[in-house]
């Protein structure tokens, strides 16, 4: 988040979005950089006007039902927000909490019957990172320039009138296209041709609304609309990705169980499994939060639990002596669990929470409102002092509320004297107000004079600025075309190099005594793709593989489909490689030879092999392949015979 975050917090005072007669009125709290600037009562229309004028970073609500009756209205509401303003539901996304629980995490209390207090709390917790942002649009926008008025039936000047409107739409479309090109955004353009120009120009821009350098516009002849592409359903994205701190209890063994509590003692996670390893336990806890304390129910922490504790750099907690079964049952009685292992893990976590509970409560009394309680408690538990933690963390500054003077009882003897003093103060203040009003009139006259002077200066500079804008747009288009030209030149150079290599390979193929060999850097799909892009692979090619590590069944199948002549690898690589490689090549019918047997010499990305030596090696491999096929058939026949003999024996025994 930015240092100065501008947040609007709202809460409904009266009315409802579902009512047509009683439209809603909202309590609005404006907060800037953690300081409350103002509090006011606004309607929905006034709220949108203020959002458009000030464009805050966050509009915070405690429930989406206060601003939209259904999902369709919510899409319409989000479409009307300024592009840079995010709608945040502070009570969470799919899984909601009460505003009281969210505020309690930051040690903030409020009057839940006061709409302004709720709006103030909503803005404060949103500025501290609570809640989830409402996501309704994809990273894609639609910009449409169209006619703002209908041509109508017309009269004598109908054709000139239509040409003027359609020409204005076409000109506005060109301006939008130049702005998109200058911003370097990818887009698709669709024009609807009409008499004298275009009746509609639509752009599909692959960027969010706030990235599109075009604003909505309504002129005499043309209008411009910007819409985001909707998602199928509303999504939520947490404002803060910081995980919650946990107190974890673990019971290792044949059946592993784990329980996780938050720092307020609420159960968040309880599970057990016989197939779960320690890494699975770590992964499941990581999805819930960040363990601060890892506890067991025995005096000596088991080694497997110690490994989990070290994985999270958590604080270890062990009881002074092994916890008895009666104590475990008493601790876990308010909770439901499936077996004894879950009970032991839950009791360990509850015992650790009971030891730290009083310290947490004392810290809560000493922590000022507006701090993340979990973060402060975690740092203090890890050994930092409370003063150091509060100094490191930024504290939102609240606007001091104006205090009214205490009324003086009428029975007091000083009441009349008090009234006379106040009357004198009122007279002096009225005189001061009159002087200020005269001063305000003089300032207003000076402002009008300066504004007239500014308009005069602007009128002389408009022509110069218009030329500068056109020059900037043309320079941007030129830079874009230069980038495309450099890209095409690089592509042409790569093609020329590839063509040279292919020609050289073709020349070598025409010689009778040697066979050219194409070199593939690794026996993987990526290596095959790079070879195809470099020199290409044709049927009957001989391929030399530098490395065989990382190979798989798919690459063998791909080579077989390409019908290569043979695959050659270094003899040392074959000896140290996977023993399953050769059987797979035999099943695919692709000869796999060593470089020694094939007589291959490799230099760079090309190699040569003596034709006689290579054919001899392939002939030997084919002989071994025929022998392998015969052995497979023999084994298959023996297997069928054994099955037949077994089935026949079963039938004989049944008949006997």
Exercise for review: Output the number of the condition that residue 556 fails; it satisfies all remaining conditions of (1) more than 24 Å from residue 608 (Cβ to Cβ); (2) surrounded by fewer than 14 Cβ atoms within 10 Å (Cβ to Cβ); (3) at pLDDT 80 or above.
Suggested key: (2)
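Mind checking which residues of the range 1-52 are touching a residue at least 12 places away in the same chain (Cβ under 8 Å) and part of a loop (DSSP other than H, G, I, E, B)?
Taking the range 1-52 and keeping what is touching a residue at least 12 places away in the same chain (Cβ under 8 Å), we get 1-13, 17-18, 23-37, 39-44, 47-48, 50-52.
Selection gives 1, 2, 3, 4, 5, 17, 18, 23, 24, 33, 34.
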Practice item. Give the residue, chosen from 466, 452, that is at pLDDT 85 or above, more than 35 Å from the chain's Cα centre (by Cα) and outside the structural domain of residue 213 (by TED's automatic domain parsing). Key: 452
Practice item. Look through the range 324-339, keep the residues that are in a loop (DSSP other than H, G, I, E, B) and within 16 Å of residue 261 (Cβ to Cβ), and return whichever of them is farthest from the chain's Cα centre (by Cα). Key: 333
**Study point:** residue 260, sole failed condition from (1) buried (at least 18 other Cβ atoms within 10 Å of the Cβ); (2) over 29 Å from the mean Cα position of the chain (by Cα)
**Key:** (2)
Exercise for review: State yes or no: is residue 374 modelled with pLDDT of 70 or more, at negative phi and in contact with a strand residue (DSSP E or B) (Cβ under 6 Å, 6 or more places away or on another chain)?
Suggested key: yes
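Collect the residues in the range 477-518 that are touching a helix residue (DSSP H, G or I) at 6+ places or on another chain (Cβ under 8 Å), at pLDDT 70 or above and surrounded by 10 or more Cβ atoms within 10 Å (Cβ to Cβ), keeping them in residue-number order.
Initial filter on the range 477-518 (touching a helix residue (DSSP H, G or I) at 6+ places or on another chain (Cβ under 8 Å)): 477, 480, 498, 501, 512-516, 518.
Now drop any that are not at pLDDT 70 or above, which leaves 477, 480, 498, 513-516, 518.
Across the range 477-518, the qualifying residues are 477, 480, 498, 514, 515, 516, 518.
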Point to revise | Any hit, the range 79-101, residues being touching a strand residue (DSSP E or B) at 6+ places or on another chain (Cβ under 7 Å) and in a helix (DSSP H, G or I) | key: yes
Check your understanding: Scanning for something in contact (Cβ under 8 Å) with a residue 24 or more places away in the chain, in contact with a strand residue (DSSP E or B) (Cβ under 7 Å, 6 or more places away or on another chain), outside any helix (DSSP H, G or I) and closer than 21 Å to residue 614 by Cβ, does the range 576-590 turn up at least one residue?
Key -> yes
Check your understanding: Across the range 43-52, what is the number of residues that are surrounded by fewer than 18 Cβ atoms within 10 Å (Cβ to Cβ) and touching a strand residue (DSSP E or B) at 6+ places or on another chain (Cβ under 9 Å)?
Key -> 6
Revision key, fill the gap. Restricted to the range 268-296 and to residues being in a loop (DSSP other than H, G, I, E, B) and out of contact with any strand residue (DSSP E or B) (no Cβ under 7 Å at 6 or more places or on another chain), the residue modelled with the highest pLDDT is 274
Practice item. List the number of the failed condition for residue 34; all other conditions in (1) at pLDDT 90 or above; (2) out of contact with any strand residue (DSSP E or B) (no Cβ under 7 Å at 6 or more places or on another chain); (3) buried (at least 17 other Cβ atoms within 10 Å of the Cβ) hold. Key: (1)
Review point. Which one of the conditions (1) surrounded by fewer than 16 Cβ atoms within 10 Å (Cβ to Cβ); (2) at pLDDT below 85; (3) outside any loop (DSSP other than H, G, I, E, B) does residue 561 fail to meet, given that it meets all the rest?
Key: (2)
Check your understanding: Of the residues 623, 649, which single one is outside the structural domain of residue 565 (by TED's automatic domain parsing) and assigned to a helix (DSSP H, G or I)?
Key -> 649
Review point. Got a number for residues in the range 606-617 being touching a helix residue (DSSP H, G or I) at 6+ places or on another chain (Cβ under 8 Å) and either surrounded by fewer than 16 Cβ atoms within 10 Å (Cβ to Cβ) or outside any strand (DSSP E or B) (or both)?
Key: 3
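The values are calculated or read from the model by the stated rules, or taken from the named source; none is laboratory data. Predicted, not measured: the structure shown is a model, and the values here were computed from it. Neighbour counts run over all protein chains shown; Cβ positions are idealised from the backbone, glycine included.
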